[in-house]
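The values are calculated or read from the model by the stated rules, or taken from the named source; none is laboratory data. Here the structure is a predicted model, which is why all the values come from computation and not from measurement. Every residue, glycine as well, gets a Cβ built from its backbone with ideal geometry; the counts of neighbours run over all protein chains shown.
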Amino acid sequence: MIDGRAAGARGVADDLSASDVLSAIRERKAAEDRAAADQLVLAARWADLHPPESIHTAASFTVPGSQHEEPIAGEGAPLVAEFCCAELGTVLGITSTAAKKLIGHALELRHRLPRLWEQVHAGAVPAWRARAVADTTIHSSPALTAEAAGFVDAQVAAVAGRIGVAQLDRVVAEAIKRYDLAVADPTQDPEDGYLAVDPRHVTVNTEDVHYAGTMRIEAEVDLADALDLDRAVAHRAATRAALGSTESLDVRRAKALGDLARTQTALDLAAPGTDIEDLPAAREVVIHAHFDASLSGDTTVFGLTGRMESGQRLVLLDQVRAWCADSRTKVTVEPAIDLNAQLTAQGYEVPDRIREQVRLRDRTCVFPHCSRPARGCDVDHVIPYDHDAETEGRPQPGPTSTDNLACLCRFHHRLKTHSAWRYETTSPGVFVWTSPHGRHHRRDHTGTTDLDPPDPPGIPRPRRR
């Protein structure tokens, strides 16, 4: 039950009529659209403050892995200093990649889609719709020239941004054709109007997991491939029914697709007389799942729910058992590692056991809001290892030990090494980062916490000159 007084304290009266609610929510939506448009302006200004010239120092050489200038929008948009996206992302509570995309969209709109940019700030087109157009023109293949992007801008602005994905693709395709941007294909007749825009793809939406433990797959394939796939799925679904499956046709078709992916595992359809032991494992399962366990006498009792390391998702113990129960499945069980143990090694290199412990502890890159899985990250010495300490008889300031190691993706590892970003360990697996502008963020396995109080409302004070 919601306390009406609490609701009122948040700026919403508890005695609003239906008409008042509609008016209020419309007002909030308009404010949200204005704020999103302002974010684009501020993102573009942030880019202006971090041009490639801001990278260069008195040194005349380039250090491998250091920051470089980066194009994040199309031809004609300014370049930016690569690392500038990280600090903007932490303030917004988004990843560095998402911040780079925001800045790229802002620059694309301001410099290559100026009509749409003006409509956003006039309130005629919501920022999210303009950003969708900008994302398409940035990532067009082949790349759009400034003139071709201008053509797209004129077409989209003429309908006030109200254009669907399919329509937008057609406009971009027309721009490619009109400005002769298509890559020549000797097998195609020029009169066919061939365009080098290949729509084929297979996308597994790993970020959108249904509570039932399913994922959505979307694909665009050749006509012949699509018909072959349909026949294969239909055949295997019918085979399941003939073998006694009482599941619905949709479920049988879904399982048939999984069978195809594994080259047949769920049903043993080998030729009669074939020894199952002679067949290769059709599925090799390496599951990094973590369950709480306790001892009951001589028996280990696992909890009913655990966590999948990939994607940080909830998983049921019964699901893991089902995955491992299919015929001809090879299962690899990783050894258990105590995450509370303090492990130390001599020298700079991180042994596999310590590396695995740190990966399991951190789960992802430990930079604020980064979600790259730890298994694909570097293991960094938080306090740098001093390679000369032993020969000079000094204590090692940056030992290779659990409490001085952290997982960083390659981008944020470079950022930490070659920029003013700094971090420290406050306890094993807990890190406090300090940005170049002095903002502080706490990061642990539960996520990121902004340690600075919010700025006071109102117009920012002018910068000192």
Is it fair to say Val12 is among the β-branched types (Val, Ile, Thr) and either over 27 Å from Asp450 (Cα atoms) or at pLDDT 95 or above (or both)? no
Quick one: would you say Thr426 is polar (S, T, N, Q), loosely packed, with under 14 Cβ neighbours inside 10 Å and more than 30 Å from the chain's Cα centre (by Cα)? no
Taking the conditions exactly as written (in contact with a strand residue (DSSP E or B) (Cβ under 7 Å, 6 or more places away or on another chain), assigned by TED's automatic domain parsing to the domain that holds Ala36 and β-branched (Val, Ile, Thr)), does Ile163 satisfy them or not? no
Screening Val120, Val133, Val125 for residues that are in contact with a Lys or Arg (Cβ under 9 Å, 6 or more places away or on another chain) and not in a loop (DSSP other than H, G, I, E, B) leaves only Val120
Given (1) at pLDDT 85 or above; (2) in a helix (DSSP H, G or I), identify the lone condition not met by Asp228. (1)
Residues (touching a Ser or Thr at 6+ places or on another chain (Cβ under 6 Å) and under 17 Å from Gln342 (Cα atoms)) located in the stretch 358-402: Val382, Ser401
Could you run through the stretch 397-432 and say how many residues are of a type outside the set (A, V, I, L, M, F, W, C) and assigned to a loop (DSSP other than H, G, I, E, B)? 6
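Counting only residues that are in a loop (DSSP other than H, G, I, E, B) and under 20 Å from Ile354 (Cα atoms), how many does the stretch 368-390 have?
Summing the residues that are in a loop (DSSP other than H, G, I, E, B) and under 20 Å from Ile354 (Cα atoms) in the stretch 368-390 gives 8.
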From the list Arg410, Arg394, which one is outside the structural domain of Glu87 (by TED's automatic domain parsing) and farther than 20 Å from Gly447 by Cα? Arg394
